[in-house]
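Report on the following structure.
The values are calculated or read from the model by the stated rules, or taken from the named source; none is laboratory data. All values derive from a computational prediction rather than experimental measurement. Cβ: placed from backbone, ideal geometry, glycine included. Neighbour counts: every protein chain shown.
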Amino acid sequence: MEKAFFLDRDGVIIEDANYLSRPEQLRLIPGAAEGIKLIREHGYKVIVVSNQSGIARGYFTFDDLAKVEKALSAMLEEKGAKVDGWYYCPHHEKGSVPEYAKKCSCRKPLPGLVLQGAEEHHIDLAGSAMIGDKLSDVQCAVNAGIKHYAKVSTGHGSEEGEKGKIEGMIEETSILPAIQKLLKEMR
């Protein structure tokens, strides 16, 4: 079985632009491409898992999301970084698009996206890691059986402050130092 780093997208890899829907809104967080490259150099896959309730809310479509993913992939690949899989939850209970306005098992902190990515990429979750900017990302890791996780203060991480801590959670300023610390912990 393979091992992977599961990464949240907004606030971890890219600056959070609140319902980002257009490629021109993309801004890489400093160190993100270098960090993803480092993960792959250490033999881990990179899988992005992201709540995208803007689809349920009618702010953008799957087509818009695909254009953003394609542009982000190109930005990362220009810097020698590659993502192995992209997984999104389009749902939200209070959405205005009926087919996505519901509870689901893929909206973090529930582990559906991680479990789907793990199954499709043959991932050993206990030997993998997750990085997010919210406690719900870290709780998702715990719920999925991931043993190594970090919360970064980019994105919404700084807003959560001392809301709570999850045992074993690494806290870092951004993705690159979080990756470095997790890689050291996972040796």
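Just one of the numbered conditions (1) out of contact with any Asp or Glu (no Cβ under 9 Å at 6 or more places or on another chain); (2) more than 19 Å from LEU38 (Cβ to Cβ) is not true of MET75: (2). In region 42-61, the count of residues that are polar (S, T, N, Q) and touching a His at 6+ places or on another chain (Cβ under 7 Å) is one or more. Residue check: is GLY157 at pLDDT below 95 and either surrounded by 15 or more Cβ atoms within 10 Å (Cβ to Cβ) or within 24 Å of GLY43 (Cα to Cα) (or both)? When the stated conditions are applied, GLY157 passes them.
For region 89-124, the tally of residues that are buried (at least 19 other Cβ atoms within 10 Å of the Cβ) and of a type in the set (Ser, Thr, Tyr) stands at 1.
Scan region 71-80 and tell me whether some residue there is in contact with a strand residue (DSSP E or B) (Cβ under 9 Å, 6 or more places away or on another chain), under 23 Å from CYS140 (Cα atoms) and hydroxyl-bearing (Ser, Thr, Tyr). Taking every residue of region 71-80 in turn, none turns out to be in contact with a strand residue (DSSP E or B) (Cβ under 9 Å, 6 or more places away or on another chain), under 23 Å from CYS140 (Cα atoms) and hydroxyl-bearing (Ser, Thr, Tyr). Residues in region 104-133 that are more than 25 Å from LYS165 (Cβ to Cβ), touching a residue at least 40 places away in the same chain (Cβ under 8 Å) and not in a helix (DSSP H, G or I): HIS122, ILE123, ASP124.
Among the residues here, ALA150 does not qualify as surrounded by 19 or more Cβ atoms within 10 Å (Cβ to Cβ), in contact with a helix residue (DSSP H, G or I) (Cβ under 6 Å, 6 or more places away or on another chain), touching a residue at least 24 places away in the same chain (Cβ under 8 Å) and over 15 Å from ASP8 (Cβ atoms).
Among the residues of region 70-90, is there at least one that is hydroxyl-bearing (Ser, Thr, Tyr), closer than 23 Å to LYS3 by Cβ and in contact with a Gly (Cβ under 7 Å, 6 or more places away or on another chain)? Checked against the condition, which is being hydroxyl-bearing (Ser, Thr, Tyr), closer than 23 Å to LYS3 by Cβ and in contact with a Gly (Cβ under 7 Å, 6 or more places away or on another chain), region 70-90 yields at least one hit. In the set (1) under 22 Å from ALA178 (Cβ atoms); (2) among the charged types (D, E, K, R); (3) touching a Pro at 6+ places or on another chain (Cβ under 6 Å), the condition left unmet by ASP133 is number (3).
For region 159-172, the criterion of being closer than 19 Å to SER50 by Cβ, out of contact with any Leu (no Cβ under 9 Å at 6 or more places or on another chain), in a helix (DSSP H, G or I) and in contact (Cβ under 8 Å) with a residue 40 or more places away in the chain is met by none of the residues.
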